[in-house]
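Every number here is computed from the coordinates shown, using simple stated rules; none is lab data. On a predicted model such as this, the values are computed, not experimentally measured, just so you know. Positions of Cβ are generated from backbone atoms using ideal geometry, with glycine treated the same way; all protein chains shown enter the neighbour counts.
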Amino acid sequence: MKKLLFIILFISAFLSQGQIVRENELIKKIETGAELMALGKYDSAQVLFQYVLQNMEKLPSDVAYFFGRNSYHVGKYKQSINWLNKYIQLKGTKGKYYEPAIQFLQFAEDEYLRIQRARTEQFSKDIESAEYDCGGLEKMLCPVCHGSGVVVQQGIFDEVYKTCPYSLGEGYLTCEEYNQFMRGNLEPKVKAGN
């Protein structure tokens, strides 16, 4: 029985020692990643930080700052925003890296918004220049009244039926009108209800 207890304690101590060595190895990788980041070797630092994130059970809060800041430098702005916010949530204004975290958070947010605006502008340009192929048809179902020629609206007491302001009750648009409508450029021919 004593032998079994001794073996269990020995194995437990050995595993515990192995875990400490492993954790020290991961902390060294964090430090090396921070040094690489300071030297401008962002891609190499990113590899180390990702390794730590995948292998360390309990992350020190400073990793959130390092990974967030480095993510900014490698152009992963949304990731940077998330990790820098996490650092600020964990450490608050008392955090060792609070000031640079706020600074890089602002940089990341500015870049992220710039990219989103550019994507939105490009999408708008693509929509404006898009042409729907009507497949040789001269007329298309009106997307407002769905071919019925009537728009139904809920009134105070009952449903109110109004002539479709785009198809004028016909229920169809020409191919050109249809494309103008899809780009947001088709004006109603009459006010609804007239």
In degrees, nearest 10, the alpha-carbon axis of helix 98-129 is tilted away from the dominant principal axis of the alpha carbons of the chain by 30
Selected from 118, 105, 134, residue furthest toward positive end of dipole (the stretch 84-140; charges at beta carbon): 105
Among the aspartates and glutamates, select those whose C-alpha is under 17 Å from the C-alpha of residue 189, and discard any that sit fewer than 8 residues away in the same chain. 170, 176, 177
Matching label, semi-axes √(5λ) of the Cα gyration tensor in Å computed from the structure shown, candidates (1) 30, 18, 14; (2) 33, 17, 16; (3) 63, 23, 18: (3)
What list of ³J(HN,Hα) values in whole Hz, one per residue of the stretch 43-54 in order, does the Karplus curve 6.51 cos²θ - 1.76 cosθ + 1.60 (θ = phi - 60°) give from phi, with Gly and Pro shown as x? 5, 5, 5, 4, 4, 5, 5, 5, 4, 4, 4, 7
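Order of 62-70, 147-155 by packing, highest average Cβ count within 10 Å first? Show your work: numbers first, answer last.
On the way: 62-70: 24.0, 147-155: 13.3.
In descending order of packing, they fall as 62-70, 147-155.
Treating the beta-carbon of each Lys and Arg as +1 and of each Asp and Glu as -1, no other charges, what is the dipole magnitude of the stretch 15-129 about its Cα centre, to the nearest 20 debye?
The calculation lands at about 200 debye.
Relative to the Cα centre, what is the charge dipole magnitude of the chain, using +1 at the beta carbon of each Lys and Arg, -1 at the beta carbon of each Asp and Glu, and rounding to the nearest 20 debye?
The calculated dipole for the chain is roughly 1420 debye.
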Could you tell me how far the Cα centroid of the stretch 123-194 sits from the Cα centroid of the stretch 74-97, in Å? 48
Shape call for the stretch 112-184, from the Cα gyration tensor axes a ≥ b ≥ c (a/c under 1.5 means rounded, otherwise prolate when a/b beats b/c, else oblate), comes out oblate
